[in-house]
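To keep things clear, I will list the structure first and then write my remarks on it.
The values are calculated or read from the model by the stated rules, or taken from the named source; none is laboratory data. Just so you know, these numbers come straight off a predicted model, no measurement behind them. Quick reminder, even Gly has a Cβ in these numbers, built from the backbone with ideal geometry, and neighbours come from all protein chains shown.
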Amino acid sequence: MTKPWQRLLWLKQDYPDNYTDPDFLNEVAKLQEALSEPQKTSSYAQVVIDFSLFYHRILNTGLTYVAFTLLHFYHFNPIYFTIGLTSFAFLIAIIYHYTTVQIKSSLIIIFTMLILSPVLKSLSKTTSSDSIWTISCWLTAFYVLSIFLHTDSITSTNILVANVAVLASRLESTTDVFCFLLICIEINILLPYVEQSLLARNYNLTYAITFCLDNLVAYYFVAKCLGWYYVFIFGMSAITFVLVLPRYFIYWQRNYYKSDPYLCRWDAKKPVLD
Amino acid sequence: MVKGVPRREYFGFSQFIFTTCILLLTFVWSLAPTLSAFKTEDASIRNEIITFTQELVGLLPQRYWIIVFECVVLMAMLFTYLGLWMYNEDVLTAPLDDMRTITDSRANVVKFASHQEFLDKYAFRESSGVMDLPITEVCRVLYEKD
């Protein structure tokens, strides 16, 4: 049995040079049809919604830094906040999933984290703060990429824990490290999960409220810590991302992207130079 | 991943945006002058913006490394092209006295009974396919008179 023919010039294939695939002859009429029609584009509203979902996920990642700044610069006592957040998470898990939460595995994870906290605290103690901030920034960038690219893998959780481990060495005490780790996991893994299940169950209003609250917390915090210049800069970038970039996306879709399956398979590939 | 957004277009678009941004950033970053030279004496919005940009820029690798990286990539491309060309010329190409220079198993040699038939059917006439003429016959046609 010979291998199926592929439309790639650089492969050495057992077919003559002037071979014409029978599929092409079957699909040439549809290809002609696709060529004559104008390129289909998504609706602006849909793209804006999708982009705000992406933005929301990035904002959740930003909340990690809100928690870290509170602990590191403002010496905020995290114990009550952590207890509150964890109980709230348990409550939501019970309400939304109508099942008993697996106490055993939760306890195992919590105790592992308790044991690991002193290790995490001393792991990068000797590294200078500047390097820590830079490493943490890059880890966050990779974390955001891994959320969107490796959907089903554990990579993003690993990068998140690495980021927490790097940041943990700047905190005051082991309790702080433990609380920070717990808060990070709740904010970055449980919160997006809950928000997505809200969307999946069509609780759109609740989702919108969560979205607004997230924004409020993040921007209020930026305004308090860094000032209004930074709120302006972050807000403008967010608005550009959510409202302006979709326009460019649709432009790109119309002019550069080939969504039609027949067109992607059989069109002549032309390099785009502008 | 944001669930319910399985579109391939977004990945293509983000790829396009990322590569364009990285290219532009590399150009700007390797050519831009030192920012602190533009600071004014007293506090102003301009100083704020410069400080913010400097903070962002501090997260990137040093400018020296970006230029080094560009140079290394450029030189690697040059050496790759030269190396491939030399490998093709010196290793893959059969030497002049090799039998493969004259013919090989893939050759589609024309068949004929006599020299006259070769002259009539192939030597001065276009064939419809790609065919190889035997080198002895070609030499005979070209140099017999000398």
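Look at (1) away from every other protein chain (no Cβ under 14 Å); (2) surrounded by 12 or more Cβ atoms within 10 Å (Cβ to Cβ) and you find that B:N47 fails only one, number (1). Within segment B:1-24, the set of residues being modelled with pLDDT of 80 or more and loosely packed, with under 14 Cβ neighbours inside 10 Å comprises B:F11, B:Q15, B:F18, B:T19, B:T20, B:C21, B:I22, B:L23, B:L24. It is to be established whether one or more residues within segment A:67-77 are part of a helix (DSSP H, G or I), among the β-branched types (V, I, T) and either in contact with a Gly (Cβ under 8 Å, 6 or more places away or on another chain) or free of Cβ contacts under 8 Å to residues at least 24 places away in the same chain (or both). For segment A:67-77, residues part of a helix (DSSP H, G or I), among the β-branched types (V, I, T) and either in contact with a Gly (Cβ under 8 Å, 6 or more places away or on another chain) or free of Cβ contacts under 8 Å to residues at least 24 places away in the same chain (or both): absent.
Flag not set for A:F51, criterion: part of a loop (DSSP other than H, G, I, E, B) and surrounded by 11 or more Cβ atoms within 10 Å (Cβ to Cβ).
Any residue at all in segment B:17-32 that is closer than 30 Å to A:Y193 by Cα and within 11 Å of another protein chain (Cβ to nearest Cβ)? Yes, there is a match, as at least one residue in segment B:17-32 is closer than 30 Å to A:Y193 by Cα and within 11 Å of another protein chain (Cβ to nearest Cβ). Applying the selection to segment A:43-62, what residues are within 11 Å of chain B (Cβ to nearest Cβ) and over 17 Å from A:A208 (Cβ atoms)? Listed by number, the residues that qualify are A:V47, A:I58.
Scanning segment A:216-234 for residues that are more than 12 Å from chain B (Cβ to nearest Cβ) and out of contact with any helix residue (DSSP H, G or I) (no Cβ under 7 Å at 6 or more places or on another chain) turns up A:L216, A:Y220, A:K224. If you scan segment A:142-163, which residues turn out to be hydrophobic (A, V, I, L, M, F, W, C) and either in contact (Cβ under 8 Å) with a residue 12 or more places away in the chain or surrounded by 13 or more Cβ atoms within 10 Å (Cβ to Cβ) (or both)? Answer for segment A:142-163, where residues must be hydrophobic (A, V, I, L, M, F, W, C) and either in contact (Cβ under 8 Å) with a residue 12 or more places away in the chain or surrounded by 13 or more Cβ atoms within 10 Å (Cβ to Cβ) (or both): A:F142, A:V144, A:L145, A:I147, A:F148, A:L149, A:I159, A:L160, A:V161, A:A162. Only one of the numbered conditions (1) out of contact with any helix residue (DSSP H, G or I) (no Cβ under 7 Å at 6 or more places or on another chain); (2) outside any helix (DSSP H, G or I) is not met by A:K258, and that is (1). The set of residues in segment A:142-163 being more than 9 Å from every other protein chain (Cβ to nearest Cβ) and of a type in the set (A, V, I, L, M, F, W, C) consists of A:F142, A:V144, A:L145, A:I154, A:I159, A:L160, A:V161, A:A162. You will find that of A:V194, A:V217, A:V166, the residue that is under 22 Å from A:A93 (Cα atoms) and in contact (Cβ under 8 Å) with a residue 40 or more places away in the chain is A:V194 and no other.
Among the helices (runs of 4 or more DSSP H) confined wholly to segment B:35-146, which include 2 or more residues that are more than 30 Å from A:S129 (Cβ to Cβ)?
Working: elements: B:45-58, B:63-87, B:115-118, B:135-143.
Per the criteria, B:63-87, B:115-118, B:135-143.
Scanning segment B:55-64 for residues that are surrounded by 10 or more Cβ atoms within 10 Å (Cβ to Cβ) and more than 13 Å from chain A (Cβ to nearest Cβ) turns up just one, B:R63.
Selection within segment A:84-136: residues that are loosely packed, with under 14 Cβ neighbours inside 10 Å and within 14 Å of chain B (Cβ to nearest Cβ). The member of this set that is farthest from A:A200 (Cα to Cα) is A:S128.
Contact map, segment A:6-21: residues that are at negative phi paired with residues that are among the β-branched types (V, I, T), Cβ distance under 6 Å, separation 6+ or inter-chain. Pairs shown: A:D14/A:T2.
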